[in-house]
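Here is the structure we will look at, set down as structure tokens.
All of the numbers you see were taken from the coordinates with simple rules; none came from a lab. Remember, predicted model here, so these are calculated numbers, not experimental data. Reconstructed Cβ throughout: ideal geometry from the backbone, glycine too, with neighbour counts over all protein chains shown.
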Amino acid sequence: MKQLGLLLFILLLLAPGALAQDMEHEPWTCPEDYDGQTLSIFNWSTYIAEDTVPNFEEACGVTVNYDIYESNEAMLARIRQGNPGYDIIVPSGGTVQRMAEEMLLIPLDLDMIPNVANVIPDLLGAAYDPENEYSLPYQWGTVGVGYRTEVFPDGINSWDQVWDHDGPVAWLEDRQTMLGIAHLILNNDPNSTDPDEINAARDYLIENGGNVVTVAADDGQVLLERGDVDIAVEYNGDILQISWDCECDDYAYAIPDEGSNVWIDNLSIPVDAPNPELAMVFIDYILDAKVGADLTNYIWYASPNQASIESGFIDEEILSDPAIFPPAEQVAKLFAIIDVGAEAEELINNAWDELLIFLGQ
Amino acid sequence: MTRRIRRLQQNGFFLAMPTIAWLFIFFVLPLLIVLVVSFMSRGRGGVAIMPLTLQHYERTFGVFFIILRRSIGLAGLTTIICLLVGYPLAFFISTRRRRLVQQITLFLVILPFWTNFLIRTYAWRILLGEQGTINGLLLSLGMINEPLSMLNTQFAVLVGLVYGFLPFLVLPIFASVERFNFRYVDAAQDLGANDARAFLRVVLPLTMPGVLAGCALVFIPSVGAFVTPDLLGGTKGLMIGNLINKQFGGSGNMPLGSALSIVMMAVVMLSLLIYVMAHRRERGA
């Protein structure tokens, strides 16, 4: 009797999963002739599900080498010095544009990637690669504010609350994002290349950054967690990570109403890739509804895959979280960063150095 | 005879060749490249391109000057604090009668080196944090009502630098004091000097080489410190090392970074020059 109860219990646990499994979805199959070949992937750290690569190896009968990097710059530097043998890289939007201009990417053959039909149409044809000649979206997310709910019981809905907060704040070490937010508030183009506008954005940030104790490279969430800051301007995934780790409601993430930055990481093939055809097969595999959903369920970033979202493969908990999939009216106010060219790049650089110097005065 | 000396000299030159070649290829040449790059313009992605320009030096002595001044100030203060703490410590260690006590205390000075510098500096973040160990202790003892803001200040950088570089000052002073013959103190006192006078006129001058070497060993790495201000300083404790580091990422400005480095090197060279001159005067006196 006891055993029967246990059996029933297990069945009950399995049931919702079994229901969600769309019976119509056929598992992704690998085109033939790739048996025994090798694929080298160069991806951000902690940015793939545990079974994504093993399943691909099994489906295609191939071996995958997997290597990780920590920043677009680090990856770019490696490829610039001559591709050491990678077939797949995952550059962010602006980096795609820059690499395409420097002829560091191989054009994609969309005929080999039928699953491109699964991608959310709004995420295709972004300003950095209008024809998706070189890139297809991998995951996307936003930059916003992570805050301690104890300090802000009513939440944060405006950048003014960040600027005016009487307590320690951490900003993100991402010059174009931070200046872009200031541009947005000053009603300028977030990717402005105008010297006066860039200086105005710099001055706006210096003026409103009196409470900034640190400009953190990518560990604002750690400072928040340790109580060193009350607000951290950060990537949504990082803030979600700490709420997830502590299983508590101490931290929350919000995109202020004025708007913020949206980033899209993309699958691309670097120049001199040893096996570009298998790379395109891999891109098709990632864009499969089930594979893409498993990926998102594991790393908790927003999926660009319409089919994954509609098929119900993605956990409801993730789909209904506005911090991961922001509502449409917020999405409308998000800006993507594009490459601004050498001249504006230098202006932005100088403005950022000056900002760092004067924030601490 | 003279022929033999000449041959020895020739052999000496040949024996030194590998070292000279090494120094030239890996020190002189890179230094020259940095010098040349510092006068070039910034290209896309932060690389150096023609034409030549002085604008990076203008910026170094313009907007960057406050940070340069702060770095020299913090390094100077670090050296003074290390000296005030380190000299008595080195004196204590080298005047122990029992060899074992001396060895143990010396061992304790070196012990922190067994742990990676990055980890030790990171530990200070946990100690100095808003909800860190020190604040927790002071709060529970009722000595303060609100946590002190220690992390992300110049104070935190100073603590980190003194902590990190103190052994570099203790060791050379220890070596100097150990060689010091305490009969000189007896002689000074026989001639009527009190303790303070004997210390200032006899002990200090004779241990000066160790003091100067120790100060140079603390000041030089402090002025270019990067890890300590990066982890402990936040916006208020930013030092020149952090700004140089930022210029060499994919979207930095290598010529500007080179100009900043050259100026930093000049500061270090100047302090070494002071060291050498002071040392020479010591020996001459």
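Quick notes
- Dividing the alpha-carbon radius of gyration of region A:102-186 by the rule-of-thumb value 2.2 N^0.38 Å gives 1.59.
- Net charge of Cβ neighbours under 10 Å - reference A:Ala100; Lys, Arg +1; Asp, Glu -1: -4
- Exercise: per-residue mean of other protein chain Cβ atoms within 10 Å, B:31-43: 1
- Bridges between two residues of chain A, per DSSP, are antiparallel at a rate of about 55%.
- Highest-MSF residue in chain B out of B:Gln154, B:Gln189, B:Gln103 [GNM, Cα springs under 10 Å]: B:Gln189
- Loop-located GluC sites (Glu not before Pro) in region A:42-90 (DSSP state other than H, G, I, E, B) with a sparse environment of at most 14 neighbouring Cβ atoms within 10 Å: A:Glu50, A:Glu70.
- Once C-alpha pairs closer than 8 Å and six or more residues apart are averaged by separation and normalised to the residue number of chain B, the relative contact order reads 29 percent.
- Anisotropy class of region A:227-347 from Cα gyration tensor, a/c 1.5 cut: oblate
- Sequence-distant aspartates and glutamates (8 or more away, or on other chains) whose Cα lies within less than 18 Å of A:Lys290: A:Asp22, A:Glu24, A:Glu26, A:Glu50, A:Asp51, A:Glu57, A:Glu58, A:Glu310, A:Asp315, A:Glu316, A:Glu317
- Of the residues A:Met280, A:Met178, A:Met103, the one that moves most in a GNM of chain A with alpha-carbon contacts below 10 Å is A:Met103.
- For region B:51-152: rounded, prolate or oblate by the Cα gyration tensor [a/c cutoff 1.5]: oblate
- Positive contributions from Lys and Arg (+1) and negative ones from Asp and Glu (-1), summed over other residues with Cβ under 14 Å from the Cβ of B:Lys236, come out at -1.
- Proximal charge balance of B:Gly12 [Cβ under 13 Å; K/R count +1, D/E count -1]: +3
- To the nearest ten degrees, helix A:175-185 and the longest principal axis of the Cα atoms of chain A are 70 degrees apart.
- Out of every Cα-Cα pair that the protein assembly as shown contains, those further apart than 47 angstrom amount to 31 percent.
- In chain B, the DSSP-assigned H stretches of four residues or longer account for a calculated mean residue ellipticity at 222 nm of -22500 deg cm²/dmol, using -39500 (n - 2.57) per stretch and the full residue count as denominator.
- Taking the inverse of the mean reciprocal distance over all distinct Cα pairs, the Kirkwood hydrodynamic radius of chain A comes to 21.9 Å.
- On Cα atoms only, tilt of A:276-286 relative to the major axis of chain A in degrees: 90 degrees
- Think of chain B as having a plus end and a minus end, set by charges on the Cβ of Lys, Arg, Asp and Glu; of B:Ile144, B:Ser71, B:Ala193, B:Ala193 sits farthest toward the positive end of this dipole.
- Prolate/oblate/rounded label for region B:65-284 (Cα gyration tensor, a/c 1.5): oblate
- Acute angle (nearest 10 degrees) that the helix A:2-20 long axis makes with the longest principal axis of chain A, alpha-carbon atoms: 70 degrees
- Against the empirical curve 2.2 N^0.38 Å, the C-alpha radius of gyration of region B:92-207 lands at a ratio of 1.51.
- Simple Cβ-charge dipole of the protein assembly as shown, Lys/Arg +1 and Asp/Glu -1, about Cα centre, in debye nearest 20: 7140 debye
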